[in-house]
Amino acid sequence: MVRKALAGALASAGLLFSPVSPLSPVPAAASDADGRTAAELAEQAEDHLLGAESVRLTMTDRIAEAEGTVTEPSAMDLALDRDGNCVGTIETGGEGGGRVEIVKRGEEVWLKPDAAFWKAHVPGDEGDAVAGLLEDRYLHGTTDDPALEGMAGVCDLGRFQREIDTGASSGDASLTKGEETTRQDTAVVPLTGEEDGETGEEDGERTTLYVTADAPHRLIEADRRGEGTDVTLAFEDYGAPVPAGTPSPAETVDIGRLEEELLDA
């Protein structure tokens, strides 16, 4: 029964690991005093993000955190690149939802869920049993394993880039440039676009892109807020290598070996 619960928990965890793209279309229009348009800034920022070989992505979903939904990521912090390598953490459901440490190099994956994760995802005393069997070790396998194949999505910067759309090239809404401010101790220009919801502006969404005021114009933060939505993404370390270290054998248990341990438990 514990083995079945483990498989189910890992499968559900895999569903958490999908690219997050909260950048709504927020197209073109107003100019600032020096003649650069909001659309030009958005387009340059998009080009830099699409051209990045690596980036550090952090995400906070305040709705998921407040509601405590353990099947939804409430926060993540990942350094990832186009080769599918990544290092970081994903948290689920706010307090009590649990945390998973992630390391991926090529097709190899290491995951270390904490005890809170197993308790939240595996019913009864079985979550504690699984956590005890792991003894704070990483699960190790490859993306060929159904329980780990979700890593291929969350750690694929190229896939994330393909889903990005700042709306810079479309023309069905206006993009408003705000006053220069700071994010991450960097001077930025906020570019804000609004979309009506099903019943009008009241349930619509507002997306704000914070683009560096100085060239090269890069996107370093994006906020999306509206009815049932409150997400912030931050982008740092453009082009920085993803840390190459992997857990040692002493810190690791192969998923197949873990299944044997569960059978003997």
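Listed by first and then second residue, the pairs with beta-carbon distance under 8 Å, at least 6 apart or on different chains, first residue in the range 172-198 and modelled with pLDDT under 90 and surrounded by 17 or more Cβ atoms within 10 Å (Cβ to Cβ), second among the charged types (D, E, K, R) and part of a loop (DSSP other than H, G, I, E, B), are 177/32. Restricting the range 199-251 to residues that are polar (S, T, N, Q) and exposed (fewer than 13 other Cβ atoms within 10 Å of the Cβ), the residue that is nearest to residue 39 (Cα to Cα) is 199.
Taken together, 130, 103 contain a single residue that is assigned to a strand (DSSP E or B) and touching a residue at least 40 places away in the same chain (Cβ under 8 Å), which is 103.
Quick test for you: out of 58, 92, pick the one residue that is modelled with pLDDT under 90 and either crowded, with 22+ Cβ neighbours inside 10 Å or among the polar types (S, T, N, Q) (or both).
92
Can you say whether residue 120 is over 23 Å from residue 57 (Cβ atoms), surrounded by 19 or more Cβ atoms within 10 Å (Cβ to Cβ) and aliphatic (A, V, I, L, M), as far as the supplied structure shows? Considered against the rule, which asks whether it is over 23 Å from residue 57 (Cβ atoms), surrounded by 19 or more Cβ atoms within 10 Å (Cβ to Cβ) and aliphatic (A, V, I, L, M), residue 120 comes out as yes. Restricting attention to the range 208-234, the residues being in a loop (DSSP other than H, G, I, E, B) and either more than 19 Å from residue 195 (Cβ to Cβ) or touching a helix residue (DSSP H, G or I) at 6+ places or on another chain (Cβ under 7 Å) (or both) number 7. Do we have any residue at all in the range 122-137 that's in contact with a Gly (Cβ under 9 Å, 6 or more places away or on another chain) and either closer than 30 Å to residue 228 by Cβ or modelled with pLDDT under 75 (or both)? Scanning the range 122-137, I find at least one residue that is in contact with a Gly (Cβ under 9 Å, 6 or more places away or on another chain) and either closer than 30 Å to residue 228 by Cβ or modelled with pLDDT under 75 (or both), so the answer is yes.
The values are calculated or read from the model by the stated rules, or taken from the named source; none is laboratory data. All values derive from a computational prediction rather than experimental measurement. Note that we place each Cβ from the backbone using ideal geometry, even for glycine, and neighbour counts take in every protein chain shown.
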